[in-house]
Amino acid sequence: MSEDPGKTGRRDAFITVSGQAIERLYGPADTAGLEYQRDLGDPGDFPYTRGIQPSMYRGRLWTMRQFAGFGTAEESNARYRFLLEQGQTGLSVAFDFPTLLGYDSDHPRSEGEVGKLGVAIDTLADMEILFDGIPLDRVSTSMTINAPAAVLWAMYVVVAEKQGVSRTQITGTIQNDILKEYMAQKTFVFPPRPSMRLVTDTFAFGAREAPRWNTISISGYHIREAGATAAQELAFTLASGREYVRAGIEAGLQVDDFAPRLSFFFNSHVDFFEELAKFRAARRIWAREMRDRFGATSPRSWMLRFHTQTAGCSLTAQQPENNIVRTALQALAAVLGGTQSLHTNSMDEALALPSEEAVRIALRTQQMIAEESGVANTVDPLGGSYFVEALTNQLEEQAYAYFDRIDRLGGVVAAIEKGFFQREIADSAYRYQRRVESGELVVVGVNRYAGGQSSPVKLLRVGPESQRRQLDRLARTKRERDRRAVADALDRLRAAAGGGDNLMYPILDAVRAYASLGEIMAVLREEFGEYREEAIF
Amino acid sequence: MGKIIRVLVAKPGLDSHDRGAKVVARAYRDAGMEVIYTGLHQTPEQVAEAVVQEDADVLAISILSGAHEVLVPRMVELLRRRGRGDVLVLVGGVVPDDDVPALLQAGVARVFGPGSRLDEIVEFTRRAVEGSG
């Protein structure tokens, strides 16, 4: 469109954090092709560009859900109770690396990692402590777990049963998005094919037994954190979504039986308008794909529901207090983009896991947006803005261009095997870093306005005593359980893995017998093999 | 300029955050160095073996999992035992300030935290290797 009149700009070009050029001014010509009913629709109406509910935050605020977990189950349980007392409305569990990769705390590879970046869970005994005193019929829980998602979900189901809460009552989410693990987050265990079987087994179990549970959270967050642009995050996430729908249909499920339980998870990065346009584009693309490509007839299958986390990769170790403000802006974009739940990062997270003080400020940030700012008083206040609608269209076009490339490569799994996503993301990450170093991208407190002292922040540390306590409990649980029952349950799991039966049922039996996560995953490792990636940089 | 510097970029432990490792690997390569990247989830033994096999001058360890206290000294010790105590060992990632002295004590030449510049990492590496050669 138009050039800057009279060369008055501060820069030669104005470019988003993702590298998109932004014009001086947007006007009617930029949205000329837009038809309100077809392309936007009222909130609650197809294609949901303006939001999935008619009343949005006037009816109910988004769920404030801070991702937390460290050390042992006791320590994390105390943090969850603290967060609920502070007005948080849902839980979000972070597991440590051994748990994410399906190793017990006593595995040689777990040394030094137990409880470090999340809570260590080995058996049902840990899970019972983790949710002790937390009513699972009233609190919804999101669990960031992927390769072993079925196992942790089974533990949750059994803990709920022990509280007298049936599986039809529990609400929450397992991340369970294995495709983005190969793309970006890299906590994969099995090769793609058996991994997809585990995913569709959880879809089937959920549809039949736990209808209020989100069986997957298709996640762009980690793709973005690994360095992707907004368009790549949008495109790769929705491409994965299409792949899961295809897999569910191929596994014999009816699309409207499982699609309403698919949920999404996006990043909210620093470029305010680009982010909120991304959320709006995501809803529109998904609605059209579900209705027109997959023939879903239930509106609940068409609605893209999503969680948002502010961008961890945007946090700076320098002048950490600045992160409070950075996060507030990102959170605002998520709210104006219509998120269903939100995690706001704490100011100290470029340095360590968040302290209680830091996480309280992060939660208060959401509460201020919700209760003070007034932005929750009306639905989609930015809808119809020339700029926002033009940017929404542009991101949508970019996503479809990526869909075409992925389809030409033979779909998401084939593109993973060819290293397509990994290369695209690595290229973007490197370009981003170079732009920061050249000063083209400003990071306040790092490459500009870096002067001055900032006060030292008090960091949370997870000491070796957590690991010791965890090892003690695991040893005790293994000593006290019925060994015969464990062996039988693991044998039945092995037989099911070799056949075609839904694995959730034998996993539930194994978990109930206090078989450990590592033991269950070892059986599946033997049956399914392990994935090794080609290291691309 | 002397011989081409050989850098092994390593991801030890279960840590899966590989963005930094890949960006730094590429910066070394763009600076004309020979770069080998181990890929994820390497044991300290595998990393030491790779340093020996690849005849690396530099071991650049990326770690964001908090397991540096255990894994880094072990890798340095394994290198010494295998007669490669001369390797320049660098650590990048999230390491609390309080932990840095212990890593330096163990034989790490420098720890690069969040916000470090690529040019600075490359320059430091070049000077350290060429200075010692």
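The values are calculated or read from the model by the stated rules, or taken from the named source; none is laboratory data. Owing to the predicted nature of the structure, the values given are computational and were not obtained by experimental measurement. Every residue, glycine as well, gets a Cβ built from its backbone with ideal geometry; the counts of neighbours run over all protein chains shown. Each accessible area value is taken on the protein alone, full model and side chains, heavy atoms only, with ligands, DNA and RNA left out. Shrake-Rupley method; radii C 1.70, N 1.55, O 1.52, S 1.80 Å.
Of the residues A:510, A:498, A:466, the one whose Cα sits farthest toward the positive end of the charge dipole of segment A:465-528, with +1 on the Cβ of Lys and Arg and -1 on the Cβ of Asp and Glu, is A:466. Dipole size of segment A:39-415 about its Cα centre, with +1 on Lys/Arg Cβ and -1 on Asp/Glu Cβ: approximately 900 debye, rounded to the nearest 20.
Please arrange A:373, A:355, A:516 by accessible surface area, largest first, computed with a 1.4 Å probe and ligands excluded. Write out the running numbers ahead of the final one.
Working: A:373 65, A:355 25, A:516 0 Å².
From most exposed to least exposed: A:373, A:355, A:516.
Cα centroid separation, segment A:249-297 to segment B:1-69: 38 Å. Remark: for residue pairs A:116/A:278; A:186/A:418; A:180/B:11, the C-alpha separation exceeds 23 Å in A:116/A:278. The mean sequence distance of close C-alpha pairs (under 8 Å, at least 6 residues apart), as a share of the length of chain A, puts its relative contact order at 19 percent. Along its first, second and third principal axes, ordered by size, segment A:338-416 spans 49, 37, 18 Å in Cα coordinates. Placing one equal scatterer on every Cα of segment A:384-537 and applying the Debye formula, the log10 ratio I(q)/I(0) at q = 0.09, 0.15, 0.18 Å⁻¹ is -0.72, -1.01, -1.09. For the residues of B:20-29, the average number of beta carbons from a partner chain within 10 Å of their own beta carbon is 5. Compactness of segment A:448-537 is given as radius of gyration and Dmax, 21.4, 65 Å, from Cα positions. Separation of segment A:6-37 and segment A:435-477 by C-alpha centroid, Å? First find each Cα centre; the distance between them is then 37 Å.
Along the axis of the charge dipole computed for the protein assembly as shown (Cβ charges of +1 for Lys and Arg, -1 for Asp and Glu, origin at the Cα centre), the listed residues A:297, A:124, A:221 are led at the positive end by A:297.
Determine one quarter of the surface area of the Cα convex hull of chain A, which equals its mean projected area, and express it in nm² to one decimal. If you can, show how the numbers build up before the last one.
Working: hull surface 98.6 nm².
The number I arrive at for chain A is 24.7 nm².
The long axis of helix A:192-209 is offset from the longest Cα principal axis of chain A by roughly 80 degrees.
If you count only protein heavy atoms with a 1.4 Å probe, what accessible area per residue comes out for the protein assembly as shown, rounded to a whole Å²? Mind showing how you got there, number by number?
On the way: 25740 Å² over 670 residues.
That works out to 38 Å² per residue.
Computed as a quarter of the hull surface, the mean projected area of the alpha carbon convex hull for segment B:1-98 stands at 6.2 nm². Peptide A:109-119 has a mean shielding of 5, counted as Cβ atoms of other protein chains within 10 Å of each residue's Cβ.
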